[in-house]
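Here the structure is laid out as C-alpha coordinates; the discussion comes afterwards.
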Amino acid sequence: MTVLSTRRRQRDIHVIRQEAARTMAPESLIPSRSGHIVIGVDTHKHVHVAAVMDPIGGILDTLTVTTDSAGFARLLIWAVSFGKIIAFGIEGTGSYGAGLTSFIRRQGHKVVEVNRPDRRMRRLAGKSDTLDAENAARAVLAGFATAVPKTADGTVEMIRQLKIAHDTAVKERSAAMVTLKAMLIHAPEQLRKDTAEKTQIMLARHLAALRPRTLDTPEDAVRHALRSIARRWQNLDAEANELAGMIENLVTCTAPQLLDAYGIGPDTAAEILIVAGDHPERIHSEAAFAKLAGISPIPTGSGMSSGRHRLNRGGHRQLNAAIYRTAIVRMKFHEPTIAYVARRTAEGKSKRDIIRCLKRYIIREVYHLLKPTSATGVTTG
(Lines give C-alpha, C1' and ligand atoms only; values in the text may rest on other atoms or scores of the structure.)
Protein backbone atom coordinates (compact mmCIF):
# COMPACT_ATOMS: atom_id res chain seq x y z
CA MET A 1 0.00 0.00 0.00
CA THR A 2 2.87 2.38 0.74
CA VAL A 3 4.45 1.73 -2.66
CA LEU A 4 1.13 2.38 -4.47
CA SER A 5 0.59 5.63 -2.57
CA THR A 6 4.10 6.84 -3.45
CA ARG A 7 3.62 6.05 -7.14
CA ARG A 8 0.22 7.78 -7.13
CA ARG A 9 1.72 10.93 -5.60
CA GLN A 10 4.57 10.99 -8.15
CA ARG A 11 2.05 10.61 -10.98
CA ASP A 12 -0.07 13.45 -9.61
CA ILE A 13 2.98 15.73 -9.32
CA HIS A 14 3.96 14.93 -12.92
CA VAL A 15 0.45 15.75 -14.15
CA ILE A 16 0.43 19.05 -12.24
CA ARG A 17 3.79 20.02 -13.77
CA GLN A 18 2.56 19.24 -17.27
CA GLU A 19 -0.56 21.34 -16.73
CA ALA A 20 1.56 24.23 -15.41
CA ALA A 21 3.90 24.00 -18.40
CA ARG A 22 0.96 24.08 -20.83
CA THR A 23 -0.50 27.05 -18.99
CA MET A 24 2.73 29.06 -18.98
CA ALA A 25 4.01 28.11 -22.44
CA PRO A 26 2.05 30.65 -24.53
CA GLU A 27 3.14 33.58 -22.34
CA SER A 28 6.79 32.50 -22.23
CA LEU A 29 6.96 32.21 -26.02
CA ILE A 30 5.91 35.85 -26.44
CA PRO A 31 9.17 37.87 -26.50
CA SER A 32 9.32 41.05 -24.45
CA ARG A 33 10.04 44.27 -26.32
CA SER A 34 10.99 47.72 -25.04
CA GLY A 35 10.24 49.60 -28.26
CA HIS A 36 13.79 51.09 -28.28
CA ILE A 37 16.53 49.61 -30.43
CA VAL A 38 20.23 49.89 -31.21
CA ILE A 39 21.60 49.17 -34.68
CA GLY A 40 25.06 47.63 -35.05
CA VAL A 41 26.74 47.73 -38.46
CA ASP A 42 29.79 45.83 -39.70
CA THR A 43 31.09 47.75 -42.72
CA HIS A 44 32.89 46.46 -45.81
CA LYS A 45 33.85 47.75 -49.22
CA HIS A 46 30.86 46.39 -51.15
CA VAL A 47 28.28 45.38 -48.49
CA HIS A 48 27.30 46.39 -44.96
CA VAL A 49 25.81 43.92 -42.46
CA ALA A 50 23.47 45.34 -39.82
CA ALA A 51 21.89 43.84 -36.70
CA VAL A 52 19.03 45.34 -34.69
CA MET A 53 19.04 44.79 -30.94
CA ASP A 54 16.37 45.49 -28.34
CA PRO A 55 17.60 46.09 -24.76
CA ILE A 56 15.08 43.50 -23.52
CA GLY A 57 14.36 41.30 -26.53
CA GLY A 58 17.98 40.88 -27.65
CA ILE A 59 18.89 40.52 -31.32
CA LEU A 60 15.75 40.86 -33.42
CA ASP A 61 16.97 40.62 -37.01
CA THR A 62 19.93 41.13 -39.36
CA LEU A 63 20.21 42.66 -42.82
CA THR A 64 22.83 42.92 -45.58
CA VAL A 65 22.75 45.97 -47.86
CA THR A 66 24.91 47.38 -50.64
CA THR A 67 27.21 50.34 -50.00
CA ASP A 68 25.28 52.94 -52.01
CA SER A 69 22.47 55.42 -51.42
CA ALA A 70 19.79 52.83 -52.13
CA GLY A 71 21.34 50.41 -49.65
CA PHE A 72 21.64 53.10 -46.98
CA ALA A 73 17.98 54.11 -47.42
CA ARG A 74 16.89 50.48 -47.25
CA LEU A 75 18.86 49.96 -44.02
CA LEU A 76 17.30 53.03 -42.40
CA ILE A 77 13.73 52.07 -43.37
CA TRP A 78 14.36 48.55 -42.06
CA ALA A 79 15.75 49.88 -38.77
CA VAL A 80 12.88 52.32 -38.16
CA SER A 81 10.35 49.50 -38.56
CA PHE A 82 11.51 47.90 -35.28
CA GLY A 83 10.98 50.90 -33.01
CA LYS A 84 12.62 54.07 -31.79
CA ILE A 85 16.32 54.14 -32.62
CA ILE A 86 18.66 54.95 -29.72
CA ALA A 87 21.86 55.01 -31.79
CA PHE A 88 23.75 53.41 -34.64
CA GLY A 89 27.01 51.66 -33.72
CA ILE A 90 29.16 51.61 -36.85
CA GLU A 91 32.60 50.07 -37.33
CA GLY A 92 35.10 51.90 -39.51
CA THR A 93 33.43 55.32 -39.54
CA GLY A 94 36.62 56.77 -41.04
CA SER A 95 36.99 54.23 -43.83
CA TYR A 96 34.35 51.87 -45.29
CA GLY A 97 31.66 53.25 -42.99
CA ALA A 98 32.21 56.93 -43.81
CA GLY A 99 29.42 57.09 -46.39
CA LEU A 100 26.88 55.36 -44.17
CA THR A 101 27.87 57.53 -41.18
CA SER A 102 27.31 60.71 -43.16
CA PHE A 103 23.95 59.44 -44.46
CA ILE A 104 22.69 58.44 -41.00
CA ARG A 105 23.73 61.78 -39.51
CA ARG A 106 21.91 63.72 -42.20
CA GLN A 107 18.74 61.86 -41.20
CA GLY A 108 19.10 63.12 -37.61
CA HIS A 109 20.19 59.91 -35.88
CA LYS A 110 23.02 59.46 -33.39
CA VAL A 111 26.11 57.59 -34.58
CA VAL A 112 28.68 55.98 -32.26
CA GLU A 113 32.06 54.77 -33.49
CA VAL A 114 32.71 51.13 -32.59
CA ASN A 115 36.17 49.60 -32.53
CA ARG A 116 36.66 46.08 -33.76
CA PRO A 117 36.13 43.37 -31.12
CA ASP A 118 39.01 42.15 -29.01
CA ARG A 119 40.91 39.33 -30.72
CA ARG A 120 40.61 37.13 -27.67
CA MET A 121 36.83 37.44 -27.76
CA ARG A 122 36.85 36.70 -31.49
CA ARG A 123 38.75 33.49 -30.89
CA LEU A 124 36.30 32.46 -28.18
CA ALA A 125 33.01 33.46 -29.85
CA GLY A 126 33.93 33.11 -33.54
CA LYS A 127 34.08 35.58 -36.38
CA SER A 128 31.48 36.48 -38.99
CA ASP A 129 29.92 39.63 -40.39
CA THR A 130 26.68 38.97 -38.52
CA LEU A 131 28.49 38.39 -35.23
CA ASP A 132 30.50 41.58 -35.71
CA ALA A 133 27.31 43.56 -36.30
CA GLU A 134 25.72 42.06 -33.20
CA ASN A 135 28.83 42.84 -31.14
CA ALA A 136 28.74 46.43 -32.39
CA ALA A 137 25.16 46.80 -31.18
CA ARG A 138 26.02 45.24 -27.82
CA ALA A 139 29.03 47.55 -27.41
CA VAL A 140 26.83 50.61 -27.83
CA LEU A 141 24.10 49.29 -25.55
CA ALA A 142 26.60 48.32 -22.82
CA GLY A 143 28.36 51.68 -22.98
CA PHE A 144 31.70 50.25 -24.13
CA ALA A 145 31.54 52.29 -27.35
CA THR A 146 31.03 56.00 -26.72
CA ALA A 147 33.27 57.78 -29.25
CA VAL A 148 31.62 60.37 -31.47
CA PRO A 149 32.98 59.94 -35.02
CA LYS A 150 34.40 62.82 -37.04
CA THR A 151 32.10 64.57 -39.47
CA ALA A 152 34.76 64.48 -42.23
CA ASP A 153 32.98 67.18 -44.21
CA GLY A 154 34.94 70.37 -43.44
CA THR A 155 38.31 72.05 -43.68
CA VAL A 156 40.03 69.56 -41.38
CA GLU A 157 39.13 66.75 -43.75
CA MET A 158 40.75 68.75 -46.54
CA ILE A 159 43.87 69.11 -44.40
CA ARG A 160 43.91 65.38 -43.71
CA GLN A 161 43.75 64.47 -47.39
CA LEU A 162 46.49 66.92 -48.32
CA LYS A 163 48.59 65.70 -45.39
CA ILE A 164 48.44 62.13 -46.68
CA ALA A 165 49.70 63.23 -50.09
CA HIS A 166 52.39 65.41 -48.50
CA ASP A 167 53.68 62.70 -46.17
CA THR A 168 53.92 60.12 -48.95
CA ALA A 169 55.77 62.61 -51.16
CA VAL A 170 58.24 63.37 -48.35
CA LYS A 171 58.78 59.66 -47.71
CA GLU A 172 59.44 58.93 -51.39
CA ARG A 173 61.70 61.99 -51.62
CA SER A 174 63.82 60.69 -48.75
CA ALA A 175 64.01 57.26 -50.35
CA ALA A 176 65.13 58.83 -53.65
CA MET A 177 67.93 60.75 -51.93
CA VAL A 178 69.11 57.64 -50.07
CA THR A 179 69.21 55.73 -53.36
CA LEU A 180 70.98 58.61 -55.06
CA LYS A 181 73.79 58.70 -52.49
CA ALA A 182 74.11 54.91 -52.53
CA MET A 183 74.53 54.85 -56.32
CA LEU A 184 77.15 57.60 -56.18
CA ILE A 185 79.47 55.05 -54.55
CA HIS A 186 79.69 53.29 -57.94
CA ALA A 187 80.01 56.50 -59.95
CA PRO A 188 83.24 57.59 -61.65
CA GLU A 189 85.85 59.17 -59.40
CA GLN A 190 85.59 62.61 -60.97
CA LEU A 191 81.81 62.68 -60.49
CA ARG A 192 82.20 61.72 -56.83
CA LYS A 193 84.66 64.58 -56.34
CA ASP A 194 82.33 67.05 -58.06
CA THR A 195 79.40 66.13 -55.81
CA ALA A 196 81.31 65.91 -52.53
CA GLU A 197 79.97 68.05 -49.64
CA LYS A 198 76.98 69.31 -51.62
CA THR A 199 73.59 69.84 -50.00
CA GLN A 200 70.67 67.72 -51.13
CA ILE A 201 69.27 70.42 -53.41
CA MET A 202 72.66 71.17 -54.95
CA LEU A 203 73.36 67.48 -55.40
CA ALA A 204 70.04 66.91 -57.14
CA ARG A 205 70.57 69.89 -59.41
CA HIS A 206 74.07 68.79 -60.37
CA LEU A 207 73.07 65.21 -61.16
CA ALA A 208 69.86 66.21 -62.94
CA ALA A 209 71.98 68.29 -65.30
CA LEU A 210 74.07 65.31 -66.45
CA ARG A 211 74.04 64.67 -70.20
CA PRO A 212 75.21 61.12 -70.86
CA ARG A 213 75.51 60.66 -74.63
CA THR A 214 76.05 56.90 -74.91
CA LEU A 215 75.06 53.69 -73.17
CA ASP A 216 78.06 51.48 -73.79
CA THR A 217 79.66 51.05 -70.37
CA PRO A 218 78.55 50.70 -66.72
CA GLU A 219 79.69 54.27 -66.14
CA ASP A 220 77.24 55.47 -68.78
CA ALA A 221 74.44 53.49 -67.10
CA VAL A 222 75.30 55.02 -63.72
CA ARG A 223 75.06 58.52 -65.17
CA HIS A 224 71.66 57.75 -66.71
CA ALA A 225 70.41 56.29 -63.41
CA LEU A 226 71.70 59.21 -61.36
CA ARG A 227 70.08 61.73 -63.65
CA SER A 228 66.74 59.88 -63.51
CA ILE A 229 66.72 59.61 -59.71
CA ALA A 230 67.82 63.25 -59.30
CA ARG A 231 64.97 64.46 -61.50
CA ARG A 232 62.56 62.28 -59.52
CA TRP A 233 63.81 63.89 -56.30
CA GLN A 234 63.27 67.37 -57.76
CA ASN A 235 59.71 66.53 -58.80
CA LEU A 236 58.92 65.08 -55.37
CA ASP A 237 60.50 68.09 -53.65
CA ALA A 238 58.37 70.50 -55.68
CA GLU A 239 55.25 68.42 -54.97
CA ALA A 240 55.93 68.29 -51.21
CA ASN A 241 56.56 72.04 -51.04
CA GLU A 242 53.37 72.82 -52.95
CA LEU A 243 51.30 70.59 -50.67
CA ALA A 244 52.95 72.07 -47.58
CA GLY A 245 51.91 75.54 -48.72
CA MET A 246 48.30 74.42 -49.18
CA ILE A 247 48.26 72.84 -45.72
CA GLU A 248 49.70 75.97 -44.11
CA ASN A 249 47.05 78.16 -45.73
CA LEU A 250 44.24 75.92 -44.52
CA VAL A 251 45.68 75.70 -41.00
CA THR A 252 46.08 79.49 -40.84
CA CYS A 253 42.46 79.99 -41.85
CA THR A 254 41.10 77.28 -39.55
CA ALA A 255 43.04 77.67 -36.29
CA PRO A 256 45.57 80.52 -36.35
CA GLN A 257 45.78 80.44 -32.55
CA LEU A 258 47.65 77.14 -32.77
CA LEU A 259 50.43 78.74 -34.79
CA ASP A 260 50.77 81.45 -32.14
CA ALA A 261 51.75 78.86 -29.52
CA TYR A 262 55.50 78.48 -29.07
CA GLY A 263 57.05 75.55 -30.94
CA ILE A 264 53.93 74.65 -32.95
CA GLY A 265 54.33 75.00 -36.70
CA PRO A 266 51.95 74.24 -39.57
CA ASP A 267 52.81 70.53 -39.65
CA THR A 268 52.19 70.03 -35.92
CA ALA A 269 49.04 72.15 -36.05
CA ALA A 270 47.79 70.02 -38.95
CA GLU A 271 48.27 66.83 -36.92
CA ILE A 272 46.41 68.40 -33.97
CA LEU A 273 43.47 69.40 -36.15
CA ILE A 274 43.32 66.00 -37.84
CA VAL A 275 42.93 64.24 -34.48
CA ALA A 276 40.44 66.80 -33.14
CA GLY A 277 38.32 66.80 -36.30
CA ASP A 278 36.01 69.49 -37.67
CA HIS A 279 34.06 69.57 -34.39
CA PRO A 280 36.53 69.43 -31.45
CA GLU A 281 33.64 69.67 -28.99
CA ARG A 282 33.22 65.91 -29.46
CA ILE A 283 36.28 65.55 -27.17
CA HIS A 284 34.74 66.12 -23.74
CA SER A 285 37.92 66.84 -21.74
CA GLU A 286 41.62 67.51 -22.03
CA ALA A 287 42.28 64.12 -20.42
CA ALA A 288 40.36 62.47 -23.26
CA PHE A 289 42.39 64.46 -25.79
CA ALA A 290 45.60 63.35 -24.08
CA LYS A 291 44.44 59.76 -24.35
CA LEU A 292 43.73 60.23 -28.06
CA ALA A 293 47.34 61.39 -28.46
CA GLY A 294 48.71 58.49 -26.40
CA ILE A 295 50.12 60.89 -23.80
CA SER A 296 48.02 59.94 -20.78
CA PRO A 297 49.62 57.36 -18.43
CA ILE A 298 47.71 54.14 -17.84
CA PRO A 299 47.21 52.88 -14.24
CA THR A 300 48.68 49.45 -13.53
CA GLY A 301 48.15 49.15 -9.78
CA SER A 302 47.14 45.76 -8.39
CA GLY A 303 46.99 44.62 -4.77
CA MET A 304 49.91 46.16 -2.91
CA SER A 305 51.24 47.99 -6.01
CA SER A 306 48.56 50.68 -6.11
CA GLY A 307 49.43 54.01 -7.70
CA ARG A 308 51.66 52.68 -10.46
CA HIS A 309 51.34 53.75 -14.07
CA ARG A 310 52.80 52.72 -17.41
CA LEU A 311 53.25 54.48 -20.74
CA ASN A 312 50.35 54.62 -23.15
CA ARG A 313 51.48 52.86 -26.34
CA GLY A 314 48.21 53.57 -28.11
CA GLY A 315 46.69 56.76 -29.45
CA HIS A 316 47.56 58.74 -32.55
CA ARG A 317 51.29 58.17 -32.92
CA GLN A 318 51.82 60.99 -35.44
CA LEU A 319 50.32 63.52 -33.03
CA ASN A 320 52.35 62.03 -30.20
CA ALA A 321 55.53 62.54 -32.23
CA ALA A 322 54.51 66.10 -33.13
CA ILE A 323 53.93 67.01 -29.47
CA TYR A 324 57.30 65.45 -28.63
CA ARG A 325 59.02 67.69 -31.20
CA THR A 326 57.26 70.71 -29.70
CA ALA A 327 58.53 69.74 -26.23
CA ILE A 328 62.10 69.42 -27.52
CA VAL A 329 61.93 72.83 -29.21
CA ARG A 330 60.65 74.46 -26.02
CA MET A 331 63.34 72.78 -23.93
CA LYS A 332 66.00 74.40 -26.12
CA PHE A 333 64.62 77.87 -26.83
CA HIS A 334 61.62 78.64 -24.57
CA GLU A 335 62.78 80.42 -21.39
CA PRO A 336 59.88 79.34 -19.10
CA THR A 337 60.34 75.73 -20.23
CA ILE A 338 64.10 75.93 -19.68
CA ALA A 339 63.47 77.16 -16.12
CA TYR A 340 60.94 74.35 -15.57
CA VAL A 341 63.41 71.72 -16.79
CA ALA A 342 66.08 73.09 -14.42
CA ARG A 343 63.69 72.99 -11.46
CA ARG A 344 62.48 69.46 -12.18
CA THR A 345 66.05 68.26 -12.73
CA ALA A 346 66.98 69.63 -9.31
CA GLU A 347 64.07 67.63 -7.86
CA GLY A 348 65.61 64.43 -9.22
CA LYS A 349 63.48 63.92 -12.31
CA SER A 350 65.12 62.28 -15.32
CA LYS A 351 65.07 63.93 -18.74
CA ARG A 352 62.65 61.31 -20.03
CA ASP A 353 60.20 61.97 -17.18
CA ILE A 354 60.47 65.73 -17.72
CA ILE A 355 59.64 65.33 -21.42
CA ARG A 356 56.58 63.25 -20.49
CA CYS A 357 55.39 65.99 -18.14
CA LEU A 358 55.97 68.65 -20.80
CA LYS A 359 54.00 66.67 -23.38
CA ARG A 360 51.09 66.46 -20.94
CA TYR A 361 51.21 70.24 -20.34
CA ILE A 362 51.38 70.95 -24.07
CA ILE A 363 48.41 68.74 -24.91
CA ARG A 364 46.40 70.50 -22.18
CA GLU A 365 47.34 73.88 -23.66
CA VAL A 366 46.40 72.71 -27.15
CA TYR A 367 43.03 71.39 -25.96
CA HIS A 368 42.05 74.77 -24.51
CA LEU A 369 43.17 76.48 -27.73
CA LEU A 370 40.82 74.23 -29.67
CA LYS A 371 37.93 74.36 -27.21
CA PRO A 372 34.99 76.31 -28.70
CA THR A 373 33.26 79.02 -26.72
CA SER A 374 29.75 78.27 -25.59
CA ALA A 375 28.38 81.49 -27.07
CA THR A 376 29.89 81.54 -30.53
CA GLY A 377 31.05 77.99 -31.12
CA VAL A 378 34.32 79.35 -32.50
CA THR A 379 37.65 78.08 -31.25
CA THR A 380 39.38 80.47 -28.90
CA GLY A 381 43.00 81.54 -28.88
When a/c is below 1.5 the answer is rounded, else prolate if a/b is larger than b/c, else oblate, so apply that to region 182-242 with a ≥ b ≥ c taken from the square roots of the Cα gyration tensor eigenvalues.
oblate
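For the ranges 245-252, 58-65, what's the packing order if you count other beta-carbon atoms within 10 Å of each residue, average per peptide, and put the highest first?
245-252, 58-65
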Can you tell me what share of the DSSP beta bridges in region 35-89 is antiparallel? A percent to the nearest 5 is fine.
75
Interchain or sequence-distant (5+) residues whose placed amide H lies within less than 5 Å of the amide H of G92 are V114
Name the trypsin sites (Lys or Arg not before Pro) in region 268-369 that are in a loop by DSSP and that have at most 12 other C-beta atoms within 10 Å, would you?
R308, R313
Report, by chain and number, residues whose modeled amide H sits under 5 Å from the one on A87, excluding near sequence neighbours (fewer than 5 apart, same chain).
I39
Run a plain Debye calculation on region 117-245 (Cα atoms as equal point scatterers, no solvent) and give log10 I(q)/I(0) at q = 0.10, 0.11 Å⁻¹, rounded to two decimals, same order as the q list.
-0.58, -0.62
With θ taken as phi - 60° and the coefficients 6.51, -1.76 and 1.60, list the Karplus ³J(HN,Hα) couplings across region 82-97 in order, rounded to whole Hz; mark glycine and proline as x.
8, x, 7, 7, 7, 6, 9, x, 10, 7, x, 5, x, 10, 5, x
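Among K198/K351; K110/K291; K198/K332; K127/K163; K181/K291; K150/K349, which pairs are too far apart, with a Cα-Cα distance over 30 Å?
Cα-Cα > 30 Å for K198/K351; K127/K163; K181/K291; K150/K349; rest within.
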Based on the mean of other Cβ atoms within 10 Å per residue, sort peptides 158-164, 37-43 so the most packed one is first.
37-43, 158-164
So with the 1.4 Å probe, I'd like the accessible area per residue for region 47-165, rounded to whole Å².
52
May I ask you to derive the relative contact order of region 28-162, considering only C-alpha pairs under 8 Å and at least 6 residues apart, and to give it as an integer percent?
28
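The values are calculated or read from the model by the stated rules, or taken from the named source; none is laboratory data. It should be emphasised that the depicted structure is a prediction, and the values quoted were computed from it without experimental measurement. Note that each Cβ is placed from the backbone with ideal geometry, even for glycine, and that neighbours are counted across all protein chains shown. All accessible areas refer to the heavy atoms of the entire protein, side chains included, with ligands and DNA or RNA removed. Shrake-Rupley method; radii C 1.70, N 1.55, O 1.52, S 1.80 Å.
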